[in-house]
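**Student:** Pasting in a structure now, in structure tokens, and then I'll have a few things to ask.
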Amino acid sequence: MRKVMGALPFVISLVALGGLWELISYREIVNRLILPAPSEIGKAIWFVFTNFLGPINYWEDTWITVQEIILGFLLGVGAAVVLGSLIAEFVIVRRIAVPYTVALNATPKIAFAPLFIVWFGFGATPKVLMAAFICFFPVLINTVSGLAAVEAEEIELMASLRASRWQTFRRLKVYHALPYVFAGLRTAMAFAVVGAVIGEFAGAQEGLGFQIEFAAARLETARLFAFLLVLSVVAYVLYYVIEVLEKRIVFWSGETRIRTG
């Protein structure tokens, strides 16, 4: 009951916003081509939903984008965790890698999408790489921060127990860094969705990004909103999966308990 009452303000605001939006569109205060009414968007959503497994088969486009997001996320996260661990543990790696990562992170990442298309063609590879490239940096930064935030007293305790460098890393630093890493994973998942769609904008003939671009080119604004909603649902589901994993893996973290309590 408490959760229902907690969600009530959001529901009321959503209904009020939808009603105001419908009124603005009905009165043609804003051109419907620019801002279609919620009722028109609802019809477009129903059209997209009924064609998920129909003759147009939007499910295939959705599944293609989901695969690009997941593969890009796994690739970017894997590379970020490995490099972040090396940077935190070895001074020579830190001195070599940090200038490159800072320079790449400061570069507008969307500018790499056409370059990936030139290098790897119009298949799934450039979209996966774009998703991996964008979600790489938040995980890298959080991994390094988490591994470096271990207290000196804890390191001294492990040394007094004659723990090796590997044992200290595995039994102390990894556990300390996991809440940081999962904070980066939540951000990275959202970024992976953005990266995959940007890659599809740069050059694709299938996927949700392609459908959004195609609807925009034909000025089908209501259908564009419908595809944006589908993409939002995909992003939310994937984000929720990360949160569920965090609850199971980092159950001792105070931050996790606060957010899930």
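**Student:** With charges set only on the Cβ (+1 for Lys and Arg, -1 for Asp and Glu), what does the dipole of segment 111-260 come to about its Cα centre, in debye to the nearest 20?
**Tutor:** In debye, rounded to 20, segment 111-260 gives about 340.
**Student:** Ok, one more. Work out how far the C-alpha atoms of segment 40-89 reach from end to end along every principal axis, then list the three figures in whole Å, largest first.
**Tutor:** Principal extents (Cα only, largest first): 55, 22, 7 Å.
**Student:** Another question about this same structure. Over the chain, calculate the relative contact order: mean separation of alpha carbon pairs under 8 Å at least 6 apart, over the residue count, as a percent.
**Tutor:** The normalised contact order for the chain reaches 24 percent.
**Student:** Considering all projection directions equally, how large on average is the shadow of the alpha-carbon convex hull of segment 74-191, in square nanometres?
**Tutor:** Averaged projected hull area, Cα only: 8.0 nm².
**Student:** Using alpha-carbon positions, what is the distance between the centroids of segment 10-70 and segment 180-204, in Å?
**Tutor:** 22
**Student:** Then there's this: Quick check: net charge around Val66, other residues with Cβ under 13 Å of its Cβ, Lys/Arg +1 and Asp/Glu -1?
**Tutor:** -4
**Student:** What do you get when you divide the Cα radius of gyration of segment 192-248 by 2.2 N^0.38 Å, with N the number of residues?
**Tutor:** Working: Rg = 13.4 Å, N = 57, 2.2 N^0.38 = 10.2 Å.
Rounded to two decimals, the normalised Rg is 1.31.
**Student:** Given Cα pairs under 8 Å that are at least 6 residues apart, what percent is the relative contact order of segment 82-141?
**Tutor:** Computed over segment 82-141, the figure is 32 percent.
**Student:** Per residue, what accessible area does the chain have, given a 1.4 Å probe and all protein chains present, in Å²?
**Tutor:** 59
**Student:** Something else now. Roughly how big is the chain's charge dipole about its Cα centre, with Cβ charges of +1 (Lys, Arg) and -1 (Asp, Glu), in debye to the nearest 20? Please list the in-between numbers first.
**Tutor:** On the way: 21 positive and 18 negative charges, 123 e Å.
Roughly 580 debye for the chain.
**Student:** Separate question: Only Cα pairs within less than 10 Å get springs; with that Gaussian network setup on the chain, which residue of Pro38, Pro99, Pro114 has the largest fluctuation?
**Tutor:** Largest GNM mean-square fluctuation: Pro99.
**Student:** From Cα coordinates alone, what are the radius of gyration and Dmax values for segment 5-119 in angstrom?
**Tutor:** When restricted to the Cα atoms of segment 5-119, Rg and Dmax are 23.2, 66 Å.
**Student:** Something else about it: Would you kindly calculate the translational diffusion coefficient of the chain, applying Stokes-Einstein with the Kirkwood radius from alpha carbon pairs, for 4 °C and a viscosity of 1.567 mPa s, and quote it in µm² s⁻¹ without decimals?
**Tutor:** Answer from the Stokes-Einstein relation: 61 µm²/s.
**Student:** Moving on to the next point. Could you tell me which of Tyr240, Gln67, Val118 has its Cα farthest along the dipole of the chain towards the positive end, charges placed at Cβ (Lys, Arg +1; Asp, Glu -1), taken about the Cα centre?
**Tutor:** Tyr240
**Student:** Could you check how much of the accessible area of the chain is carbon and sulfur, as a whole percent, using a 1.4 Å probe?
**Tutor:** 70
**Student:** Is any helix in the chain, taking whole DSSP H runs, at least 15 angstrom long along its axis by alpha carbon and on average at least -1.0 on the Kyte-Doolittle scale, and which ones?
**Tutor:** Those that clear 15 Å and a mean of -1.0 are 2-26, 38-50, 58-89, 91-106, 125-148, 174-202, 221-249.
**Student:** Something else about it: Putting +1 on Lys and Arg Cβ atoms and -1 on Asp and Glu Cβ atoms, find which of Pro138, Phe49, Val197 reaches farthest to the positive end of the dipole of the chain.
**Tutor:** With unit charges placed on the Cβ atoms, the residue in question is Pro138.
The values are calculated or read from the model by the stated rules, or taken from the named source; none is laboratory data. Note that the structure is predicted; figures quoted are calculated from it, not measured. Every residue, glycine as well, gets a Cβ built from its backbone with ideal geometry; the counts of neighbours run over all protein chains shown. Heads up: the accessible areas ignore ligands, DNA and RNA and are worked out on the full protein's heavy atoms, side chains in. Shrake-Rupley method; radii C 1.70, N 1.55, O 1.52, S 1.80 Å.
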